[in-house]
């Protein structure tokens, strides 16, 4: 399955080998990992496994995170989109998760919100899913704000790797109502 979605300022597409260098730049920044519970990467080999895993998700699950490209510059600014989570998290399994990770150079520009909305649209219209989940470190106010702007609502807190996180979700009906109000 090929993915190519355009928003006002972004192109969302499948990851390509040419994205690896820019992904490494993003993931080597300590600020990116502040709420992720892990450390920045030191060499490109550390992210190659994750990179290939996402590409494999396209084949196995028909969906995976997308490269997020700034239209005006053509630059890879991070990844975003949906993934089908097949392992248990917060007592849930086989659910669609919306997520995003951007290079800090592009924070505060509304790109995460723009890509999140596009992912929700894709999930509810193309994949025809019933609900989409977002989970966020309880202290990551910026990321939680993105999810709230996109219509996800707080459901509960849960522990993930000894970190308290917020479990948020939006149903197709909530998404449809939100769209009629815009």
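The values are calculated or read from the model by the stated rules, or taken from the named source; none is laboratory data. On a predicted model such as this, the values are computed, not experimentally measured, just so you know. Glycine also receives a Cβ, built like all others from the backbone with ideal geometry; neighbour counts cover every protein chain displayed.
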Q) Could you count how many residues in the stretch 115-129 are surrounded by fewer than 17 Cβ atoms within 10 Å (Cβ to Cβ) and within 17 Å of residue 61 (Cβ to Cβ)? A) 3
Q | Unique match (being modelled with pLDDT of 90 or more, loosely packed, with under 13 Cβ neighbours inside 10 Å and more than 18 Å from residue 175 (Cβ to Cβ)) among 72, 143, 60 | A | 72
Q) Which one of 96, 100 is in a strand (DSSP E or B), farther than 23 Å from residue 8 by Cα and under 12 Å from the mean Cα position of the chain (by Cα)? A) 96
Q.
Condition (residue is part of a strand (DSSP E or B), in contact with a strand residue (DSSP E or B) (Cβ under 6 Å, 6 or more places away or on another chain) and free of Cβ contacts under 8 Å to residues at least 24 places away in the same chain) applied to the stretch 157-164: is it met by at least one residue?
A. yes
**Q.** Matching residues in the stretch 28-57 - criterion: being without any contact (Cβ under 8 Å) to a residue 24 or more places away in the chain and crowded, with 18+ Cβ neighbours inside 10 Å
**A.** 41
Q: Return the total of residues in the stretch 104-114 being buried (at least 16 other Cβ atoms within 10 Å of the Cβ) and either out of contact with any helix residue (DSSP H, G or I) (no Cβ under 9 Å at 6 or more places or on another chain) or in a loop (DSSP other than H, G, I, E, B) (or both).
A: 2
